[in-house]
Amino acid sequence: MRPEQFLDFIVPLAQGGPGAVRVQTLADSGDTQHPFGIAVTRGGGEERWQVIGQLAPGEKHDTPTVAVTGDPATGPLPAADAPSEEWLAGIILAAASPEISAVTRWSTREDARPGHIGLTVDYHNGARTFIRAL
């Protein structure tokens, strides 16, 4: 899933997420520095996330992405007041997309760095989406 496709997936998903008040793309929020990302307003504050894509092995930018499906990574919906990284991972996992094989929270990795907040979304076709807190 390329970044523009991921935005089409995540914006309505986040809008329906627990506690979300407003969700928009970074471009719609006026951010001209980051081509892809979302701004989520919840719990009285705004959280901004940059979205970066990595193509599947052998894939080229000038060819369409081939969606590959399999067993989806799943999880429960997060609490409305969950920390930002946990909340975002939770809404993605709760969607149970058959294209997504795993969602990894950076803060919970064994080699986590303090303050390094974000997610890696792995797809069955080998592509990845990196979502980092701004």
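Restricting to the stretch 45-67, count the residues that are over 25 Å from H124 (Cα atoms) and among the small types (G, A, S).
Residues meeting the conditions: 1.
Residue-level analysis places G44 outside the set of residues that are free of Cβ contacts under 8 Å to residues at least 24 places away in the same chain and in contact with a Gly (Cβ under 9 Å, 6 or more places away or on another chain). Here R48 qualifies as touching a strand residue (DSSP E or B) at 6+ places or on another chain (Cβ under 8 Å) and under 15 Å from I131 (Cα atoms).
Scanning the stretch 34-44 for residues that are under 24 Å from Y123 (Cα atoms), in contact with a strand residue (DSSP E or B) (Cβ under 7 Å, 6 or more places away or on another chain) and open to solvent by 20 Å² or more (accessible area, probe 1.4 Å) gives H34, F36. Comparison of E99, E110, E59 shows that the only residue that is charged (D, E, K, R) and free of Cβ contacts under 8 Å to residues at least 60 places away in the same chain is E110. Scanning the stretch 17-33 for residues that are surrounded by fewer than 17 Cβ atoms within 10 Å (Cβ to Cβ) and touching a residue at least 60 places away in the same chain (Cβ under 8 Å) yields a count of 2. Candidates in the stretch 55-76 are the residues that are polar (S, T, N, Q) and exposed (fewer than 14 other Cβ atoms within 10 Å of the Cβ); of these, the one that is nearest to the chain's Cα centre (by Cα) is T74.
The values are calculated or read from the model by the stated rules, or taken from the named source; none is laboratory data. Because the structure is a prediction, the values reported are computed rather than measured. Here the Cβ is made from the backbone with ideal geometry for all residues, glycine too, and neighbour counts use every protein chain on show. These area figures cover heavy atoms from the full protein model, side chains too; ligands, DNA and RNA do not enter into them. Shrake-Rupley method; radii C 1.70, N 1.55, O 1.52, S 1.80 Å.
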